[in-house]
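A short write-up of the structure that comes next.
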Amino acid sequence: MFAWLEKYLSDKIVEYISQPTGRYAPFYAPDPELIRKALKPGDILLVEGNSRLSATIKYLTQSTWSHAALYVGERPGDVAPDGEPNVLLEAEADTGVVTVPLSKYLNFHTRICRPVGLDEASTRKVIDYTLARIGTLYDSRRIVDLARYLFPYPPVPVWFRRRMLSIGAGDPTRAICSTLIAQAFASIHYPILPERASINGKTYILAPFVKDELDHIRTYGLYTPRDFDVSPYFAIIKPTLAAGFDYHTLAWDPPGLTDGELADAKVTPFN
């Protein structure tokens, strides 16, 4: 009886925190075709997100990004119901590990993070690592793990916010953050966060408190979308620039429009 009640309550919590928080419009959403052309297999697509869960993760990690997906490219037979190829692999609390079409996130503020220096074989290993886990369902019955997301802005000090993600058993946490993607890169020994290392003959040493925090992140699998953004080992790819941006050709405010018409015109691309 208690197992049934726990599952029922957990399912309700997941349903609640997965709901959008309200009207959402990204600060900037580039042409979808530019994003499609810019993405390469092995890239990580960071997503701002607009759910109650997203709001909590962004607050706890002090970041714009609440979700991360791995671009795996097109695969024969893996398509959405409307026929669009499923090219992103993601892990979420309610679905587990699945592939989804790029259109799912084209109306969100996104960022492309690209690992530097990977050859085709290494990229394939990263992708295969995640593809092998499709269908994995994470234990979402741990109410202790899920209940924290009912409070989007818990009054905790900054240094403790990321650690809030590790309270409880941990399985739902792994389903909603970037642990799977981080594990995939770790499988080929590709770093995510700064390490004590010697690069070009120069040794980089981390401050003690930073090292302790990084050790805690690795131990408990607390990788978040923000880590790929701030990582010194991933390049930031901006589709508008990758397509060949020339500011000389930039068209500014169209002539002949009133202030009201101009405001409406500027909002249109974000809807």
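The values are calculated or read from the model by the stated rules, or taken from the named source; none is laboratory data. Just so it is clear, the structure is predicted and the values come from calculations on it, not from any experiment. All Cβ positions, even for glycine, are placed from backbone atoms using ideal geometry, and neighbour counts span all protein chains on display. Calculation scope for accessible area: heavy atoms of the full protein, side chains included, ligands and nucleic acids excluded. Shrake-Rupley method; radii C 1.70, N 1.55, O 1.52, S 1.80 Å.
One table, with the values for the structure above:
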item	result
Ranking by accessible area, most exposed first, for V98, V72 with a 1.4 Å probe	V98, V72
Exceeding the 19 Å Cα-Cα cut-off - candidates K40/K238; K40/K104; K37/K238; K104/K125; K12/K58	K104/K125; K12/K58
Per-peptide average of other Cβ atoms within 10 Å, ordering 118-124, 128-134, 100-106, 79-85 highest first	100-106, 128-134, 118-124, 79-85
T136, T249, ranked by accessible area, largest first (probe 1.4 Å)	T249, T136
Zone of A186's modelled label, taken as backbone nitrogen in the range 101-131 under 18 Å from a point 7 Å along Cα→Cβ	125-131
Neighbour net charge for A242 - beta-carbon separation under 14 angstrom, K R +1, D E -1	+2
